[in-house]
Amino acid sequence: MKQTAGKQDLVVIGGGPGGLVVASVAAQTGLRVTLVEKSQRLGGDCLHTGCIPSKTLIHAARTVNAARTGFREGLLDAMPGIDFSAAIDTVNRAIETIQAHDDPERFRGYGCDVRFGKAKFTTSQTVSVDEEVITGRRFVIATGSWPAVPPIPGLEEAGFETSDTIFSRRDLPRQLAVIGGGPVGVELAQAFARFGSRVTLVEMGERLLAGEDPDVSAELRTLLEQDGIRIITGARITMVHRAGESRQLMLEDKGTVECDRILVAAGRRPAAHGLGLESAGVEFGAAGISVDARLRTTQKHIFAIGDVCGPYRLTHMAEYQAGIALANSVFRVPRKADYRVVPRVVYSDPETAAVGLTQAAADRQGITYDIVRFPMSRVDRAITDDARAGFVKILVSKGRICGASLIGPHAGELIHELALAMRVNAKVREITELVHAYPTYAQINRRAIINSQAPLLQTRRVRLLVWLLQRLIP
């Protein structure tokens, strides 16, 4: 193998969001940086098979649903035709637009050496890329994850889609079976149902979005069923059969599901295998690469960020961890990751969002809290938009927020006010003191807290205090 001349200051493995942040910042400081990406394009799964295509398809499906609602309510004379292929064109245009920001030449302009090929550690200080060996002082592994495929008999033979392949299909399935009731399964099940597929969602657990608040899960299930989605929970798939273009999912004690296409959305697995981590002395397992609070692996000069190490498989987490890795590896400033305030969003319609602890997590930690809850149906903006489904649920401990869950329009935007309050350790009353524009959805947070404090005004102690103040102070 050919040996690269000189030692690189930093070698970044993986050209997704986290890796690109690390490589671009480090290169701009003047360090000798090599970025290695196994595919022939930068941007990672988020751009090509994850966040961007799915959210674009969801937007297109929302547009179709709006037209259908307008026709049903008499606002449109006829329901327009639906062209699923055109929706995929829209998806591709969104990817191409954002891809321009991830042009390899842009990063080369920063002084970064961009390589396309499969990187594999040969020692703790070297990686091979094709027929070349690159030596580095420090490394950042940002290889992401890939779709998990459950070991269901007959599934491989029957054929299936994942988020890696579904967006390349231009024909709308007549009947779609979705395996998995997590964020990806929920989002894509609803999108395809709104385009006209008959969708059945099968989830092994007892509810959708198992890691989130049960009240949110129940509300979301009701709304998805209103979209015509058949949801089967607590179901184990024992086998998959295929006859021609027809597939059949055999469920233990719950009958069968007929479909012509299967979408597997059963979570993701860290892309840690095949990197030669054993040769580098880097520990990893089923959950990914082991890292400490500074994102150092068992080799202190090798860092890992994003899906490959967790704990959250979210694009914004990879970008956050990139900053931690930069502080420790480039700027040599000891900095630890803090996962106390991490917003989580599911882009269903309406959206769900959460930050901090759920009730179950707070109970496990022995935290005492009060629940503040307010329905979207009492928010004036939701009434004007006829978007009344959903609610906010806030856990308040010692006058401060320790967790919150939202389901409703723009929940992914609304959660950030509560996340910021947690981040700066603000008291909940400070949210009520902030002037919120009217009419906006953001008023739900303020009104929830004000509503929870209303009973205090009616206590004997407060009434007596007000009575005394009125008479003692002119």
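The table for this structure:
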| item | result |
| --- | --- |
| Per-region count, segment 236-262, residues touching a residue at least 24 places away in the same chain (Cβ under 8 Å) and out of contact with any Cys (no Cβ under 9 Å at 6 or more places or on another chain) | 14 |
| Scope segment 345-386; condition out of contact with any Pro (no Cβ under 9 Å at 6 or more places or on another chain) and part of a helix (DSSP H, G or I); matching residues | A361, A362, D363, R364, S377, R378 |
| Of the criteria (1) at pLDDT below 95; (2) in a strand (DSSP E or B), which one R68 fails | (2) |
| Scan of segment 241-295 for residues that are outside any loop (DSSP other than H, G, I, E, B), at pLDDT below 95 and on the phi > 0 side of the Ramachandran plot, ordered by number | G255 |
| Pair list, Cβ under 7 Å, 6 or more apart: segment 219-235 residue surrounded by fewer than 16 Cβ atoms within 10 Å (Cβ to Cβ), other residue assigned to a helix (DSSP H, G or I) and at pLDDT 95 or above | G228/A193 |
| Scope segment 152-190; condition more than 14 Å from I88 (Cα to Cα), assigned to a helix (DSSP H, G or I) and β-branched (V, I, T); matching residues | V184, V186 |
| Filtered residues of segment 71-91 (kept if part of a helix (DSSP H, G or I) and either surrounded by 14 or more Cβ atoms within 10 Å (Cβ to Cβ) or touching a residue at least 40 places away in the same chain (Cβ under 8 Å) (or both)) | F71, F84, S85, A87, I88, T90, V91 |
| Given (1) within 28 Å of D83 (Cβ to Cβ); (2) in a loop (DSSP other than H, G, I, E, B); (3) touching a Lys or Arg at 6+ places or on another chain (Cβ under 7 Å), number of the condition G228 does not satisfy | (3) |
| Output for segment 29-56, where each listed residue is part of a loop (DSSP other than H, G, I, E, B) and either in contact with a His (Cβ under 7 Å, 6 or more places away or on another chain) or over 20 Å from V264 (Cα atoms) (or both) | T29, G30, L31, R32, K38, S39, Q40, R41, L42, G43 |
| Selected residue (only one of I407, I450, I401 is surrounded by 14 or more Cβ atoms within 10 Å (Cβ to Cβ), at pLDDT below 95 and either in contact with a helix residue (DSSP H, G or I) (Cβ under 6 Å, 6 or more places away or on another chain) or in the same structural domain as M317 (by TED's automatic domain parsing) (or both)) | I450 |
| In segment 369-391, the residues that are closer than 12 Å to S452 by Cα and aliphatic (A, V, I, L, M) | I371, V372 |
| Exclusive hit being among the acidic types (D, E), more than 23 Å from K393 (Cα to Cα) and in contact with an Asp or Glu (Cβ under 7 Å, 6 or more places away or on another chain), set E203, E252, E245 | E245 |
| Conditions (1) in contact (Cβ under 8 Å) with a residue 60 or more places away in the chain; (2) closer than 19 Å to S54 by Cα; number of the one not met by A325 | (2) |
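The values are calculated or read from the model by the stated rules, or taken from the named source; none is laboratory data. What you see is a predicted model, and the numbers here were worked out from it, not measured in a lab. Because the Cβ atoms are built from the backbone with ideal geometry, glycine has one as well, and the counts that use them run over all protein chains shown.
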